[in-house]
Amino acid sequence: MTADDRRPWQDLADLQRKLAASLAPLRAAAGVQYGCSAKDAVHRDDKLVLYRYRERAPRLYLPPLLIVYALVNRPYMMDLQPDRSLVRRLLELGIDVYLIDWGYPDGADRFVGLDDYINGYLHRAVRHILDSRKLPALNLLGVCQGGSFSLCYTALHPDNVRNLVTMVTPVDFHTPDNLLARWVRDLDVDALVEAWGVVPGEVLNAAYVSLLPFRLLQQKYLHMLDADGDAAQLENFVRMEKWIFDSPGQAGEAFRQFARDFFQENRLCRGGLAIGGQAVNLRKIRQPLLNIYGRQDHLVPPSASTPLAHLTGSSDYSELALDVGHIGMYVSGRSQRELPQAICDWLRSR
Amino acid sequence: MSNDKPADPMAWLQGLQKTQAEWMRQWLPWSLPAATGQSPGAGASSGGAAADMTRRVLAQVEQSLGVSRAVWELLGRSAALADTGQRMASFNSGVQQLQSEFSKLFAPSAAFVTPQAGAAPGAFQWGGAAPGFAGLPPNPMGFGLPFAGLPGIGPAREQQESMERLSGLATRVMQAQAQLATQWGQVVGNALRDLGQKLAPQLQGGVLPTSLREVYDLWVDTAEKAYAGTAQGTAFTQAQSELANSLSQLRIAQRDWLEEWGRAFDLPTRAELNSLHQQVRALKEAVQKLTGRV
């Protein structure tokens, strides 16, 4: 048998060897921890907890930055581990960082709607920061669905926001390459909410992995073995897995409104959106606006995000596109190197 | 392609596969939680996340290599033929056979997909799937109920209609699953076809992929492209939505059925709790307004 002929058989043997090498580190990674930056809970409101991160460098003379994450995933992705933490990098650059943890809705939250989240919880968190720090306005950074919320909030309460940053934020939900939005279009949202009350995180997870089923349900796990037993790499992998599948349930009313008004009727982009009876007019956003998106994002394709350029009344609109995917925006080496500094520089110049 | 053929490469591969399977059997008990009684970690933390991860990895390795292994074996058999024409014919025929075999995995029972002439939309057809009941009239409400389709009468009429609704919805769910399975069958079939088209030029030129991993990664790329092409289409979207929607309706009907029993025993029901939640919300809003927190 020649060397070339041996190669395929060596592949299988190599796979077995890597698997054997991975079992012990995987077992050791069972109790993986996440979140690496010290923080204090400064405000609580039902299940919401507002955190202020402790400084890691002398703070710049800038309004604090409030991070508003999506409801559909846990916000510790922003501070996952020391070498993958947007929060940590911002703190090291002197930014005063707050973050909203929405918590895990339960059956008692089934009637919580977007008005509660945006004009209730988010507004009260913003007021807490401004009142406790005696500030007129703060900087807002909205991530994914949190970015959509931040746009709505800024349009409804413009006086409270100095500068607005949106990250991987969907605005136009009807672009042709948005597969998730395509699937939601024929969904009987009322029946789903009636059936579940609080829509389980597992339902959303199933939808997300269904976007790339062969990669996310198969190939990813084989590629994990390329770590060849490296404990640190495998621990990182397990930590990511924890975050990916640690999805809170969605309060039924909020899910209904978001799925219907944003996904199905595209009202944030098209117009006609109302939150708590108040019309959301993106033209009322006149703050400086930085829109960050990933060119490889399959969950929020660039085409879903870039229409923001023409929807607000801001005369200071900037875009920052990185060659990363949706999750890569938070944790990739490239985003860790480029993103925090870019955000800091942008905020400092306004 | 080398002219030095291995003595018996297929036997070699089979031997290695047996070794792999035996090795996995040895390792799997070690990685399972203490409940198996075989784990050296018995009594200690079960390491739920890691054990679950290990099981998933092992299952995926076996499952993922299935298609790649089948393609690899096909490549090996075809490459062994000296004549180029025979080689390509063997390969293309093999790809078609794989398409057929893997697509069959997703083929639903014809009774669920193809209604017989004159049947009500969504009806489950006895004649095709249950020959013993072929003499019964078509059942527009579902299976298992000889008198289904007749109006409920008597004191239990409400319960009878609930059961008929449940069985009708269960049928709807199964039909939706069948429709979606058909779509997945197309995805796999198209993916295998496209994979064959990508590998054929290599085989024709006498250059085989050098690793099983290469075949596997190519399979994943091809499968994702085939999936994207189908998943964007109306048929897939509608099949998937219909499955989700019918499952929601079934769940609602099941809950309503259970609540009937709950009410009979004076147990709290969903409707009662919802009413309480709404009252609590109204009270909270009133308190917030009074305390000026809005």
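What does the average come to when, for each residue of peptide A:118-127, you count the partner chain Cβ atoms lying within 10 Å of its Cβ? Numbers along the way, then the final one.
On the way: counts 0, 1, 5, 0, 0, 1, 3, 0, 0, 1.
Neighbouring Cβ atoms belonging to other protein chains average 1 per residue here.
Once amide H atoms are placed 1.01 Å from N in the peptide plane, what residues at a sequence separation of 5 or more from A:Ser318, or on another chain, have their amide H within under 5 Å of its amide H?
When sequence neighbours closer than 5 places are left aside, the close amide H contacts are A:Leu289, A:Leu290, A:Asn291.
Could the peptides B:158-171, A:36-49 be put in order, highest first, of the mean number of other beta-carbon atoms found within 10 Å of their residues? Kindly include the intermediate steps, with their values, before the conclusion.
On the way: B:158-171: 17.8, A:36-49: 15.0.
Most protected by this proxy first, the peptides run B:158-171, A:36-49.
If you put +1 on each Lys and Arg Cβ and -1 on each Asp and Glu Cβ, how big is the dipole of chain A around its Cα centre, in Debye rounded to 20? Can you show the working numbers first?
Details: 40 positive and 41 negative charges, 196 e Å.
Rounded to the nearest 20 debye, it is 940 debye.
What does the charge dipole of the range A:180-237 about its Cα centre add up to, to the nearest 20 debye, if the Cβ of each Lys and Arg holds +1 and the Cβ of each Asp and Glu holds -1? Working shown, then result.
Values: 4 positive and 9 negative charges, 48 e Å.
The dipole magnitude comes to about 240 debye.
Test of understanding: in a Gaussian network model of chain A with alpha carbons linked when under 10 Å, which of A:Leu141, A:Leu273, A:Leu66 would top the mean-square fluctuation ranking?
A:Leu273
What FRET efficiency comes out for B:Gln278 versus A:Tyr61 if R0 is 56 angstrom and r is the Cβ-Cβ distance? Round to the nearest 0.05.
Numbers: r = 47 Å, r/R0 = 0.84.
About 0.75, to the nearest 0.05.
Counting only C-alpha contacts under 8 Å and six or more residues apart, can you give the relative contact order of chain A as a whole percent?
Details: 645 pairs, mean separation 78.4, N = 350.
It comes to 22 percent, rounded to a whole number.
Under 13 Å Cα-Cα from A:Lys18, which aspartates and glutamates qualify once same-chain neighbours fewer than 8 residues away are excluded?
Straight-distance partners of A:Lys18: A:Asp226, A:Asp228, A:Asp230.
Could you report the range B:220-291's accessible area per residue, 1.4 Å probe, as an integer in Å²? The partial results should precede the final answer.
Details: 4200 Å² over 72 residues.
With the other protein chains kept in place, the range B:220-291 gives 58 Å² per residue.
Between A:Leu12, A:Leu50, A:Leu130, which gets the highest mean-square fluctuation from a Gaussian network model of chain A, Cα cutoff 10 Å?
Greatest mean-square fluctuation among the candidates belongs to A:Leu12.
In whole Hz, what ³J(HN,Hα) sequence does the range A:293-301 give by Karplus (6.51, -1.76, 1.60; θ = phi - 60°), x for Gly and Pro?
8, x, 5, 9, 6, 8, 8, 10, x
So, by mean Cβ neighbours within 10 angstrom, what's the order for B:81-88, A:309-316, A:148-155, A:284-291 with the highest one leading?
On the way: B:81-88: 12.2, A:309-316: 15.5, A:148-155: 25.8, A:284-291: 20.8.
Top of the packing list down: A:148-155, A:284-291, A:309-316, B:81-88.
Extending each Cα 7 Å along its Cβ direction at A:Arg185 and B:Phe265, get the distance between those two points in nm, one decimal.
4.7
Can you list residues from other chains, or at least 5 along the same chain, whose modelled amide H is less than 5 Å from the amide H of A:Ala274?
HN-HN under 5 Å from A:Ala274: A:Val280.
What's the carbon and sulfur percent of the range A:226-327's accessible surface, probe 1.4 angstrom, rounded to a whole number? Working shown, then result.
Values: 1840 of 4010 Å².
C and S atoms contribute 46 percent here.
Checking the a/c ratio against 1.5 first, then a/b against b/c, what shape does the Cα gyration tensor give for the range A:71-199?
Values: a/c = 1.72, a/b = 1.48, b/c = 1.16.
Since a/c reaches 1.5 and a/b is larger than b/c, the shape of the range A:71-199 is classed as prolate.
Could you check how many percent of all C-alpha pairs in the range B:148-241 are farther apart than 18 Å?
Details: 2772 of 4371 pairs.
That tail contains 63 percent of the Cα-Cα pairs.
Enumerate the calculated ³J(HN,Hα) couplings along the range A:97-102 in order (Karplus 6.51 cos²θ - 1.76 cosθ + 1.60, θ = phi - 60°), each rounded to whole Hz, writing x wherever the residue is Gly or Pro.
Residue by residue, the range A:97-102 yields 10, 10, 9, 8, 9, 6 Hz.
Given +1 on the Cβ of Lys and Arg, -1 on the Cβ of Asp and Glu, and no further charges, what dipole in debye does the range A:66-142 carry about its Cα centre, rounded to the nearest 20?
Working: 9 positive and 10 negative charges, 38 e Å.
It comes to approximately 180 debye.
Taking springs between alpha-carbon atoms closer than 10 angstrom, which of A:Leu204, A:Leu164, A:Leu225 fluctuates most in the Gaussian network model of chain A?
With Cα springs under 10 Å in chain A, the top fluctuation among A:Leu204, A:Leu164, A:Leu225 is at A:Leu225.
So if R0 is 51 Å, what FRET efficiency would A:Arg286 and A:Ala206 give, r being the distance between their Cβ atoms, rounded to the nearest 0.05? It would help to have the intermediate numbers written out before the result.
Values: r = 40 Å, r/R0 = 0.79.
For A:Arg286 and A:Ala206, the calculated efficiency is 0.80.
Defining a contact as two alpha carbons under 8 Å apart and six or more residues distant in sequence, what relative contact order in percent does the range A:197-350 show? Could you put the intermediate results ahead of the total?
Numbers: 136 pairs, mean separation 27.6, N = 154.
About 18 percent, as a whole number.
Cα centroid distance between the range A:194-231 and the range A:295-316, in Å?
26
Taking a probe of 1.4 Å and counting only protein heavy atoms, give the total accessible area buried between chains B and A in Å², rounded to the nearest 100. Don't jump to the answer; show the numbers that get you there.
Values: alone 19110 and 15880 Å², together 29020 Å².
Protein heavy atoms only, the B-A interface buries about 6000 Å².
For A:23-32, what's the mean count of beta carbons from other chains sitting within 10 Å of each residue's beta carbon?
Working: counts 10, 3, 1, 9, 13, 2, 4, 9, 5, 2.
Partner Cβ neighbours, averaged per residue: 6.
Relative contact order, percent, of the range B:151-294 when contacts are C-alpha pairs under 8 Å separated by at least 6 residues?
Values: 66 pairs, mean separation 44.5, N = 144.
Relative contact order of the range B:151-294: 31 percent.
Give me Rg over Rh for chain A, both radii from the alpha carbons and Rh done the Kirkwood way, two decimal places.
Details: Rg = 21.2 Å, Rh = 21.3 Å.
Rg/Rh: 1.00.
What average number of partner chain Cβ atoms lie no more than 10 Å from the Cβ of the residues making up A:10-20? Provide the component values of the computation, followed by the final result.
On the way: counts 3, 11, 11, 4, 3, 6, 7, 0, 0, 8, 3.
Mean partner shielding for this stretch: 5.
Please list the non-local residues whose amide H lies under 5 Å from the amide H of A:Gly249, H modeled 1.01 Å from N, same-chain partners needing a gap of 5 or more.
Close amide H contacts, sequence-distant or interchain: A:Gly201.
The values are calculated or read from the model by the stated rules, or taken from the named source; none is laboratory data. A quick note: this is a predicted structure, and the numbers were derived from the prediction, not measured. FYI the Cβ positions are ideal-geometry reconstructions off the backbone, even for glycines, and counts take in every protein chain you see. Remember, those area values only see protein heavy atoms, side chains included, never the ligands or the DNA or RNA. Shrake-Rupley method; radii C 1.70, N 1.55, O 1.52, S 1.80 Å.
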